[in-house]
Amino acid sequence: MKMIIHDLDSAVFNSFIPHVASDISVLSDTGHIKPCIGCFGCWIKTPGICVRKDGYENLGKMLSECDEVTIISKCIYGSYSPFIRNVLDRSIPYLLPYFTSKNGETHHQRRYNNSFVFTVHFYGEDLTEAERETAKELVAANGINFYSSKEKVFFYDRMESMKGALG
Amino acid sequence: MKIALMNGSPKPGNNNSGILLKKIEPLLGEGNELTSISTSGKELTPDQYRALCEMDVLLFAFPLYIDALPSHLFRIIIELERYMKEYKEKEVRVYVLINNGFYEGHQCHIAMKIMENWCKRSGLTFCGGIGQGAGEMMGTISNVPLGHGPLKDLGKAMVRISENIANGTQVEKRMLSPNVPRFFWKLMATHFFWNTTARKNHLNRRDILRKL
């Protein structure tokens, strides 16, 4: 299974990817996503499921079924856009609360055994070199925390120039 | 000096960012006009945004979420950039206190860079700050005085950053782990936090580990 998480207007997304294959799930901004409030309910109340019910509570299970996760996001200050950040914040039930060490750093243990290729397409017109470097570091760090098998990062000055890459 | 204490935690009630702000508040000295702003559970009002543009110092405290800022706070700083560009008339300096749930403070370094990039975009003066590991311990050791026990290094760094705020100078980015051994922290987190809290919810270890 592949998952695309994007912050594009639906018309723009449909023009970029007119036909979504049956093995691809698409996660977009419905305008109703609630922020993670750090309650840890997804770890110690309803393990694996977020306690906030807004249609985004099953992100952990969704990620467990993926071998590819693709993010399309505006790059802001070297970070993802707020919706994508929100989705990632709500994805911690994919992991366990318990800790492990990876390369001398503490990280959460994995709940599931799958790994996915983590690809991020950042768009933004006037990104600075510092923002690009921060974004690359962010994706690499996220890849470690989510046990991705590989991370790929692409930047586009114009949203339209993503079309060929995504099609 | 007008200083805004920005609590960037989305967690309602007592939170670790609030504990850090409470600990630094007495160090900021007298004669300052302090404004505390919570970002939990509600949008900032236009008046609050405009008031932030009139501050001398913005002191942010927030938890690390997936290597970056919590999404609700990220929405706020994007909006604040817009207000700063319209209403700011003098230098505004930004200091940052980040806490993360892992042991190593250095895992806060990307969030620190995001704040620095935000400052550049918004015309603000980024003045550095502290990245503190084992942030979830703060609640259980909140009565420990700064500069003692597990808060030994944090105490020194807090004094330093308070001096920098008073002097109008930049502080180096300080990434701190708690003054307790890693194995002890991990033991406490596993058995006295995760497992104990789960048991209160009538869950056992097998429940916590479940796959869906």
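The values are calculated or read from the model by the stated rules, or taken from the named source; none is laboratory data. Keep in mind that this is a model prediction, so the values were computed, not measured. Cβ atoms come from the backbone with ideal geometry, glycine included; neighbour counts cover every protein chain shown. Just the protein is used for accessible areas: all its heavy atoms, side chains included, with ligands, DNA and RNA removed. Shrake-Rupley method; radii C 1.70, N 1.55, O 1.52, S 1.80 Å.
Among the helices (runs of 4 or more DSSP H) confined wholly to the stretch A:73-167, which include 1 or more residues that are polar (S, T, N, Q), within 24 Å of B:W185 (Cα to Cα) and in contact (Cβ under 8 Å) with a residue 40 or more places away in the chain?
Those helices (runs of 4 or more DSSP H) span A:129-145.
Is it the case, given these coordinates, that B:G105 is more than 10 Å from chain A (Cβ to nearest Cβ), crowded, with 20+ Cβ neighbours inside 10 Å and touching a His at 6+ places or on another chain (Cβ under 9 Å)?
For B:G105, the condition - more than 10 Å from chain A (Cβ to nearest Cβ), crowded, with 20+ Cβ neighbours inside 10 Å and touching a His at 6+ places or on another chain (Cβ under 9 Å) - is not met.
For the subset of the stretch A:52-110 comprising residues that are basic (K, R) and at the interface with chain B (Cβ under 8 Å from one of its Cβ atoms), which member is surrounded by the most Cβ atoms within 10 Å (Cβ to Cβ)?
Here the residue is A:R85.
Scan the stretch B:123-135 residue by residue and report those that are of a type outside the set (A, V, I, L, M), farther than 18 Å from B:R160 by Cβ and in contact with a strand residue (DSSP E or B) (Cβ under 9 Å, 6 or more places away or on another chain).
B:G135
Please enumerate the residues belonging to the stretch B:64-78 that are in a helix (DSSP H, G or I) and surrounded by 24 or more Cβ atoms within 10 Å (Cβ to Cβ).
Once the filter is applied, which keeps residues that are in a helix (DSSP H, G or I) and surrounded by 24 or more Cβ atoms within 10 Å (Cβ to Cβ), the stretch B:64-78 yields B:S71, B:H72, B:L73, B:F74, B:I77.
Residues in the stretch A:49-72 that are in contact (Cβ under 8 Å) with a residue 60 or more places away in the chain and polar (S, T, N, Q): how many?
1
Does B:E116 fit the bill of being open to solvent by 10 Å² or more (accessible area, probe 1.4 Å), more than 14 Å from every other protein chain (Cβ to nearest Cβ) and either within 21 Å of A:Y77 (Cα to Cα) or assigned to a helix (DSSP H, G or I) (or both)?
Judged against the criteria, B:E116 is not a match.
Name the one entry in A:V26, A:V20, A:V69 that is modelled with pLDDT under 95 and either over 27 Å from B:R205 (Cα atoms) or part of a loop (DSSP other than H, G, I, E, B) (or both).
A:V20
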